[in-house]
Amino acid sequence: MQALRIFAVSSVFSYRALFSWLRPSAYIANKLAFPLLQLSFFAMIGTFGGAQPLSFYVLGNAILVVYQAMFVVATSVGNERWEGTLPYVLASPAHRVALFFGRASVHVLDGMLDVIVAFTFAVVVFGVDLSQAQWAGLAAGIFVATVAASAMGLAIGAASFLVLDASFLANLAMFVVLLLSGANVPIAELPGWLQAVAWALPLTRSVEAVRGYAAGADLLSGLPLLATDLAIGLAWAIGGYLLFSWFEERARRMGTLDRV
Amino acid sequence: MNVLRILRSGAKLQLGHLATDRLMLFGVIVQPFFIAVTVMFMLRHRPDFDPVYVVIGSAVSGLWSTVLFSGTWIIGSERWLGTLELVAGSPPPLMLIFAARLLGTMAYSLLSLVLNYTVGAWLFGYELGLRDPAGFLVSLPLALFALWCVGVLLAPIGVLWRPVARFLTILEYPVFMLGGFMFPILLMPAWSNGISYALPPYWAAEALHATSSGTTQWASLAAVWAALLATSLATLAMAVPFYALVLRRARRAGTLALT
């Protein structure tokens, strides 16, 4: 019960700390307007390029709105040091697994809401046809993509303790995902070594599955793709937790907790 | 001479700040790099694909991102650092001081142009020749001037109205689209074309695209340059009263240092 309480508290606090949301305008600007504008930009370039139908770009970028969850999870973990609260977190007796993974849970729900808004935008503004959509599959795809993106955010947040600030790393990850997840460029068109990177991302298969479900594909056909992304996302999160644990152990041993 | 000295020292100071600012480094180098690579892949199937168009478009996107973030935060950062009172109390006009700082931003943002040429030439192996080098040499400083004018306008707005400032930073992608950086504005809804024509970044991109990859007819190019100059000067003129308002509000309310 104690671990569950810490999981919930950690989750809620990490959500409330985001973007200094003192006003709804900050939420609207950062969480809603920015990703929709980015979606529109890449959809328009795709239209100009003409290599794929418009729905390819719009749906790909709509599902990629989950990078918002990745971004906020990464910064809420990584910014603990910048905000000066990391020593308090690490000095607490709280269970580390609950504390670390709790950071992501509310963002999964919030991220799903972002994607639903993006799909509504795709239908209303770009006229994407979802009349044949496999809705259960679409919902599963959105859920898996959001969980996977949040898991990636945990890893990036932990990595930011060692490398750079979390915002820089999360922004970098966002552009890597835009290029390599198949949302804008078909994976087959990438050079071989970039394809290997693309398949290691926990969103690549979700993009493919969601496109299929939007076109009415059978529910079972996309489940292996989603299961693989879920597994890869879990691997990213566990990697992040191990990094976090290693950082904590090293910081205690060497007194480098606040080293920037 | 005094003005030149202020411009030089302000630009130098700003370059020093930017050299250690990771967010700006991201905006100038990392983001345009990824945009250039992604858009190269997206547009290369077009029969009339021109890599120079992508290189210039993504470079202008880097220039715009730098001006947008630097401009909206340049006065606010003085507040955070606790130096705004010293700046406001110094003899030179406030507008001149921040205009000088933004000159440094423009110089820094040129990195974006260099980097994007490298992406096109080295990473993709394209031959990137300028169709009209002489015209480009005229267009480049005019384009930088246009974006600098927008930065000068954004600076006081960023500190006068915080809710507005919050929305200013999301203007990044709308201006990418309305400015025709990566695709012609004819693809945008017709009602938005009027907005494009009023924006200096649109004319900046138009001048750079026309001289780097377009068919350059001097008569039409002169018209683009004239529009570029006119919108830039109008933007600069719009900025003047905002700087006066910053100082007036600060003196009347005594809120200069409030963050």
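The values are calculated or read from the model by the stated rules, or taken from the named source; none is laboratory data. Quantities reported herein were computed from a predicted structural model and do not represent experimental measurements. Cβ placement follows ideal geometry from the backbone for every residue including glycine, while neighbour counts extend to all protein chains displayed.
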What residue, among those in the range B:149-173 that are surrounded by 24 or more Cβ atoms within 10 Å (Cβ to Cβ) and within 14 Å of the chain's Cα centre (by Cα), is nearest to the other protein chains (Cβ to nearest Cβ)?
B:LEU154
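Let's see how each residue does on (1) in contact with a helix residue (DSSP H, G or I) (Cβ under 6 Å, 6 or more places away or on another chain); (2) surrounded by 18 or more Cβ atoms within 10 Å (Cβ to Cβ):
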| site | (1), (2) |
| --- | --- |
| A:ASP218 | no, no |
| A:LEU223 | no, no |
| A:ALA227 | no, no |
| A:LEU234 | no, no |
| A:GLY240 | yes, yes |
| A:PHE247 | no, yes |
| A:ARG250 | no, no |
Looking at this structure, is A:PHE19 within 14 Å of chain B (Cβ to nearest Cβ), modelled with pLDDT under 80 and over 24 Å from A:LEU201 (Cβ atoms)?
yes
Name, by its number, the condition in (1) surrounded by fewer than 22 Cβ atoms within 10 Å (Cβ to Cβ); (2) in contact (Cβ under 8 Å) with a residue 60 or more places away in the chain; (3) assigned to a helix (DSSP H, G or I) that does not hold for B:VAL60.
(1)
Residue selected from the range A:48-67 under the condition among the polar types (S, T, N, Q) and within 13 Å of chain B (Cβ to nearest Cβ), by the criterion surrounded by the fewest Cβ atoms within 10 Å (Cβ to Cβ):
A:GLN52
Could you tell me whether the range B:227-238 includes any residue that is of a type in the set (A, V, I, L, M, F, W, C) and surrounded by fewer than 13 Cβ atoms within 10 Å (Cβ to Cβ)?
yes
With the condition kept exactly as written, say whether any residue in the range A:225-246 is farther than 17 Å from A:THR146 by Cβ and charged (D, E, K, R).
no
Among the residues that make up the range B:109-127, is at least one of them surrounded by fewer than 22 Cβ atoms within 10 Å (Cβ to Cβ) and on the phi > 0 side of the Ramachandran plot?
yes
So B:ARG101 ticks every box in (1) without any contact (Cβ under 8 Å) to a residue 12 or more places away in the chain; (2) in a helix (DSSP H, G or I); (3) among the basic types (Lys, Arg) but one. Which box is left unticked?
(1)
Of A:VAL124, A:VAL115, A:VAL108, which residue is within 14 Å of chain B (Cβ to nearest Cβ), free of Cβ contacts under 8 Å to residues at least 60 places away in the same chain and among the β-branched types (Val, Ile, Thr)?
A:VAL124
In the set B:PHE181, B:PHE176, which member is assigned to a loop (DSSP other than H, G, I, E, B) and within 11 Å of chain A (Cβ to nearest Cβ)?
B:PHE181
Reported set for the range B:37-52 where residues are within 21 Å of B:THR118 (Cβ to Cβ) and either more than 14 Å from every other protein chain (Cβ to nearest Cβ) or at pLDDT 90 or above (or both) is B:VAL37, B:THR38, B:VAL39, B:MET40, B:PHE41, B:MET42, B:LEU43, B:ARG44, B:VAL52
Any idea which of (1) surrounded by 14 or more Cβ atoms within 10 Å (Cβ to Cβ); (2) away from chain A (no Cβ under 14 Å) is the one B:SER196 doesn't satisfy?
(2)
